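Inspection log for the structure reproduced underneath, given as structure tokens.
The values are calculated or read from the model by the stated rules, or taken from the named source; none is laboratory data. The structure displayed is predicted, hence computed values, not measured ones. Heads up, the Cβs are rebuilt from the backbone with ideal geometry, glycines too, and the neighbour counts pull from every protein chain shown.
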Amino acid sequence: MSKPKPSPLPPKTVIGGYRVVRKLSAGGFGVVYLATDKDGQQVAIKEYLPSALTSRAPGELVPEVASEKLSLYRLGLKSFFEEGRSLAQISHASVVSVLNFFRENETVYMVMNYLEGATLQDFIVTARDLKKQKVFRESTIRSLFDEILRGLRIVHQHKMLHLDLKPANIFVTNENKAVMLDFGAAREVLNKDGNFTRPMYTPGFAAPEMYRRDSTMGPWTDIYAIGACIYSCMQGYPPNDAPQRLDKDRLGLSLTRMRGVYSDNLIEMVEWCMSLDPLSRPQSVFALQKELGREGERQYTKLSVGEKVRLQFDNVMSDAKKNIMRATRFGPK
């Protein structure tokens with residue numbers, strides 16, 4: 001029998017001067033709530049609450065942590081707090097805004113701006129279900145990831161890594177702005193320490209070095225995930241995970257089938273980002289940005305009649321917003 005997940009805070013609970021309205025989402029490392037501040041403005045609050053280390057009965061405020069897990073819990077708590085402090089120093093449209101962070105109830109809370117829209121994953125699923133040859137237009141992919149890379153470059157300049165980039169952690173607002181959510185610093189700290197055995201990363205998006213405890217991670221680790229996200233926008237599904245690829249790599253074969261649908265330049269860029277050898281990838285976001293912007297070197301194959309009448313991304317966005325749930329999805333699934 002699986003361990004029950006810790007209960008979220010009940011509506012109307014007041015923490016740090018904010019009043020909880022309802023739970024928005026929950027993942028393995030925390031719960032995100034919709035809340036209001038003293039002026040009635042809506043915010044999103046993420047609570048550090050790793051489900052494998054804690055329990056909490058309905059109506060309670062303080063998580064219960066077994067004595068043998070306490071040191072690991074505190075290690076992740078410290079990392080989560082430091083992550084909030086670092087993110088609060090970053091001001092960029094493509095990076096989630098941290099407005100406040102505080103300790104209470106023997107845990108830490110991160111207050112962020114409240115976003116309305118849906119995740120990139122929601123849009124991929126919606127577009128995929130239309131059963132078109134091309135999930136998203138190439139121009140849409142390039143425009144979207146140009147925004148994301150601008151934000152990621154700032155993150156890396158602040159000596160931070162995201163470590164959990166995936167379509168479910170890229171939020172597309174109702175104003176069509178792409179925002180990175182749910183940084184994975186606490187997740188990474190817990191993974192490197194002790195016997196924390198729960199799955200730490202999303203298969204397909206985690207670089208090979210993330211599976212090894214003795215490896216060095218850097219900007220190239222997030223760049224692998226960027227490549228996997230672009231792949232998902234092209235194929236509608238994530239690539240095989242790194243252990244599978246190390247055993248038998250089918251990435252090139254899969255991308256070959258996309259020739260004639262997307263430019264050779266975009267296909268080769270994905271292969272470059274997703275090289276199994278970290279040293280064979282772009283070593284900085286800037287290097288990838290230059291490649292993404294090489295307009296004159298894109299070679300397009302003649303489009304079929306069907307391709308010429310593909311839905312524009314704006315139409316996909318419109319259809320998606322009608323078909324997927326309207327409730328805001330903030331944070332990981």
Practice problem: Go through (1) modelled with pLDDT of 90 or more; (2) touching a Pro at 6+ places or on another chain (Cβ under 8 Å); (3) surrounded by 19 or more Cβ atoms within 10 Å (Cβ to Cβ) and name the single condition G76 misses. | Solution: (1)
Quiz item: If you go through the stretch 168-218 one residue at a time, how many are surrounded by fewer than 21 Cβ atoms within 10 Å (Cβ to Cβ), in a helix (DSSP H, G or I) and either among the polar types (S, T, N, Q) or modelled with pLDDT of 90 or more (or both)?
Solution: 3
Quiz prompt | Matching residues in the stretch 54-77 - criterion: being within 25 Å of L165 (Cα to Cα) and free of Cβ contacts under 8 Å to residues at least 24 places away in the same chain | solution = Y73, R74
Quiz item: So which of Y224, Y237 is of a type outside the set (K, R), in the same structural domain as F183 (by TED's automatic domain parsing) and over 21 Å from K159 (Cβ atoms)?
Solution: Y237
Quiz prompt | Criterion violated by I223 - all others in (1) modelled with pLDDT of 90 or more; (2) more than 22 Å from V270 (Cα to Cα) satisfied | solution = (2)
Quiz item: With respect to S7, is the statement that it is over 21 Å from A88 (Cα atoms), surrounded by 14 or more Cβ atoms within 10 Å (Cβ to Cβ) and at pLDDT below 95 true?
Solution: no
Quiz item: List pairs: first in the stretch 265-281 and farther than 12 Å from T221 by Cβ and touching a residue at least 24 places away in the same chain (Cβ under 8 Å), second surrounded by 18 or more Cβ atoms within 10 Å (Cβ to Cβ) and among the small types (G, A, S), Cβ under 7 Å, 6+ apart or cross-chain?
Solution: V270/G227
